[in-house]
Amino acid sequence: MIEIERLTKRYGDTTVVDDVSFGVEEGTITVVVGTSGAGKSTLLRMINRLVEPTSGRVLIDGQDTRSIPEDDLRHRIGYVIQGYGLFPHRTVAQNIATVPRLLGWDRKRIADRIEELLDLYQLDPAEFATKFPHELSGGQQQRVGVARALAARPELLLMDEPFGALDPVIRAKAQDDLLAIQRRLRATIVLVTHDMEEAFHLGDRIAVMDQARLIQYGPPAELLTRPAEAFVERLVGTADRPFRLLSLAKVEDALEPGLAEGEPVAASGTLYEALSRLMWCGRQDLPVADGTGSVIGRVSITGILAYGRSA
Amino acid sequence: MASPHWTLSPDRLGSMVAVLIGIALYAAPFVTYRANRIAAGAARSIFEALPPTTAFVLVGAALSVAIVAIFVRRSIVRLAAASLGLVVIAPCVGLSAGFVTPAGNTFARVSPALGFWLLGLAFSLLVADALTRLRLGPWARLGALSIAAAAMALLLFSGAWDGLSILKEYATRADSFWSEARRHVLLAIGSLAAAVAVGLPLGVLCHRAPRLRAAILQVLNVIQTIPSIALFGILMVPLGYLAAFPLAAALGIHGIGAAPAFVALFLYSLLPVVANTVVGLDHVPATVVDAARGMGLSNRQRLFDVELPLALPVILAGIRIVLVQNLGLATVAALIGGGGFGTFVFQGIGQTAIDLVLLGAIPTVALSFAAAVILDAAIELSNGTSQ
């Protein structure tokens, strides 16, 4: 559990982060989103004390970060930035080994961890361990950057625009990879982005910042259904709001009793996907199957539309 | 290979080399003969300076190089031909000394003249051009330098050149030559080492404390603009004052001599070392520094594990500038009794003995050249690992 309490940062007369408080549950992704200059990065950098807060504090599992020596604190928090900052004179393996080496892990343990992480990221250790960063593609560099941040099993992973340097196709894949790995490792992540799509795609909770202030903090659906200010409404966009909502909701949320003809849709899929299937095959309803494949009910166009309106 | 090795359209540099060779063979004296070391010289052409067969071999070899230079494009062939040319003319000029000097005359002097120098220049140009075109890696360049040095050593120690005037100057000063050589290298490299020891930390300080940067670089800039003789003069005052203390005197510090020379060279060395350290550190990518901080590298770890290794090529470039500059400047130290190769240069000027001047000048040039090649290779090697 990460608690951010009344964090404020001022440079002279300008307030960059103004009295921001929120909590991050363990094993979840919190996305901080906002326009550039909103203070997102500064907020993130105050968590690992790259920037010292003017006032307020950050608690990790109840422990005030100010009571931990800076470098020790950063060894416990992974950090990924746009451009990744891989050490160009070190190999992939040496890059990943950075924090474990600082922590004094033994050689064997470091080697095992490097292999484990490269495997996790589908980079063949035999091929990639000895490569230098300039020999990697952008997507590979990004993966190595995240692997390096995860190397010492940090309690928290901070990511500042980690996908900003990738082209759209690779970016989508990188986001899915991050989600998969986060679910697998149960990692706690705070991620900063200016991309609303990315925020909705990745965030368990979204914190919207504007002009140094935290405007709204909550689950993605709440931003759509109850935007706190006109700014949030503008940021999320009103035109495709129902579709966004459907892409956040599961099929089981609009489950109706009864039977239907056709190929079943998965209960764990999104309503957005279900609606898309219904429209494409020209049916009014389709059966819904659970994880084991047995039909548990049906989903209908009218049901989905009703869900979209009611939310 | 797409381009033909033989061509009828002449190569531009090759043509120039051929013209040089032509002038050297037909219009310029090969050696100069003088009755004694400061007498006026008399020119001797190739056929006057060498036995007929040797002269024919030399002319034949030189013409062959000229033909290769004009018509052959392949770098490796040009390199081989030019190297062969150097291998022929170098012993020939030694041989001519014995041929021209009347038997038993120990006062007469023979030194290489325009023709020899032109041939040497022409062949060296061709070698340098071919080596550039071959795009040798750093190790290969170091290898080429070693071969050249070994060939030079062979010529010097085999006695092939013992008849030449410059080596006669050397023979009468063999002891002092090596002690001055040692002094020269110590002055140049010692002051460089001191400058690195002081300049590197100073550069790091400038990088981390931007407020100090302007002040420190300004002072070093001003020092750099003081002419060397003037700086030697300025330093004599405080060092002369220091010499009054027994401890300083015991350390060998005097107003004149090696101490002011060392200090002056040290001061000149500081700017390139400090400035390049600052620039090198500035050019470490900001994301790399940010990532290093974010992962919890301490200031020290960040400096030694990340920043300095990445700045190394630029820092080495500064050291290269300083070393080449110091090897040259150390010559001037002789003016204030600092010793070094300059001793021979200034003695030679005083005696109007040009060979003595060359005895000081040629090793200086050779040292600077070798230092430049070695450090360029080092820079490239350090760059290779930090790309």
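The values are calculated or read from the model by the stated rules, or taken from the named source; none is laboratory data. Values in this document were obtained by computation on a predicted structure and should not be read as measured data. Cβ sites come from the backbone with ideal geometry, for glycine too, and all protein chains shown count toward neighbours.
Numbers below:
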read-out: Those residues of region B:185-223 which are surrounded by fewer than 17 Cβ atoms within 10 Å (Cβ to Cβ), basic (Lys, Arg) and in contact with a Leu (Cβ under 9 Å, 6 or more places away or on another chain), in sequence order; value: B:Arg208
read-out: Listing of helices (runs of 4 or more DSSP H) fully contained in region A:69-164 that carry 1 or more residues being within 12 Å of chain B (Cβ to nearest Cβ); value: A:70-75, A:92-96, A:98-102, A:138-150
read-out: Region A:129-144 - residue that is closer than 18 Å to A:Ala174 by Cα and more than 20 Å from the chain's Cα centre (by Cα) and, of those, surrounded by the fewest Cβ atoms within 10 Å (Cβ to Cβ); value: A:Ser137
read-out: Within region A:162-208, tally of residues that are in contact (Cβ under 8 Å) with a residue 40 or more places away in the chain and among the small types (Gly, Ala, Ser); value: 6
read-out: Conditions (1) more than 30 Å from A:Tyr217 (Cβ to Cβ); (2) crowded, with 16+ Cβ neighbours inside 10 Å; number of the one not met by A:Val236; value: (1)
read-out: Failed item in (1) touching a helix residue (DSSP H, G or I) at 6+ places or on another chain (Cβ under 7 Å); (2) of a type in the set (D, E, K, R); (3) surrounded by fewer than 19 Cβ atoms within 10 Å (Cβ to Cβ); (4) closer than 11 Å to B:Gly294 by Cβ, with A:Arg101 passing the rest; value: (4)
read-out: Residue under evaluation B:Ala330, criteria (1) buried (at least 24 other Cβ atoms within 10 Å of the Cβ); (2) in contact with an Asp or Glu (Cβ under 8 Å, 6 or more places away or on another chain), criterion not met; value: (2)
read-out: Whichever residue in region A:1-46 is of a type in the set (D, E, K, R) and loosely packed, with under 14 Cβ neighbours inside 10 Å and, among such residues, is farthest from A:Val58 (Cα to Cα); value: A:Asp13
read-out: Number of positions in region B:121-141 that are surrounded by 18 or more Cβ atoms within 10 Å (Cβ to Cβ) and either of a type in the set (A, V, I, L, M, F, W, C) or not assigned by TED's automatic domain parsing to the domain that holds B:Ala66 (or both); value: 5
read-out: Unique match (being within 14 Å of another protein chain (Cβ to nearest Cβ), crowded, with 23+ Cβ neighbours inside 10 Å and out of contact with any strand residue (DSSP E or B) (no Cβ under 6 Å at 6 or more places or on another chain)) among B:Gly338, B:Gly342, B:Gly296, B:Gly318; value: B:Gly296
read-out: So B:Leu312, is it surrounded by fewer than 22 Cβ atoms within 10 Å (Cβ to Cβ), out of contact with any Lys or Arg (no Cβ under 6 Å at 6 or more places or on another chain), within 14 Å of chain A (Cβ to nearest Cβ) and not charged (D, E, K, R); value: yes
read-out: Conditions (1) over 19 Å from A:Tyr84 (Cα atoms); (2) not in a strand (DSSP E or B): number failed by A:Val169; value: (1)
read-out: Per-region count, region B:260-293, residues aromatic (Phe, Trp, Tyr) and at the interface with chain A (Cβ under 8 Å from one of its Cβ atoms); value: 0
read-out: For A:Ala221: the one exception among (1) surrounded by fewer than 21 Cβ atoms within 10 Å (Cβ to Cβ); (2) modelled with pLDDT of 90 or more; (3) out of contact with any Pro (no Cβ under 8 Å at 6 or more places or on another chain); (4) assigned to a helix (DSSP H, G or I); value: (2)
read-out: Filter pass, A:Ala289 being in contact with a helix residue (DSSP H, G or I) (Cβ under 8 Å, 6 or more places away or on another chain), among the small types (Gly, Ala, Ser) and at pLDDT 85 or above; value: no
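Yes or no, residue by residue, for (1) part of a helix (DSSP H, G or I); (2) at pLDDT below 80; (3) in the same structural domain as B:Ser179 (by TED's automatic domain parsing):
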| residue | (1), (2), (3) |
| --- | --- |
| B:Val237 | yes, yes, yes |
| B:Gly240 | yes, yes, yes |
| B:Gly255 | no, yes, yes |
| B:Leu267 | yes, no, yes |
| B:Val273 | yes, no, yes |
| B:Asn276 | yes, no, yes |
| B:Val279 | yes, no, yes |
| B:Val284 | no, no, yes |
| B:Gln301 | yes, no, yes |
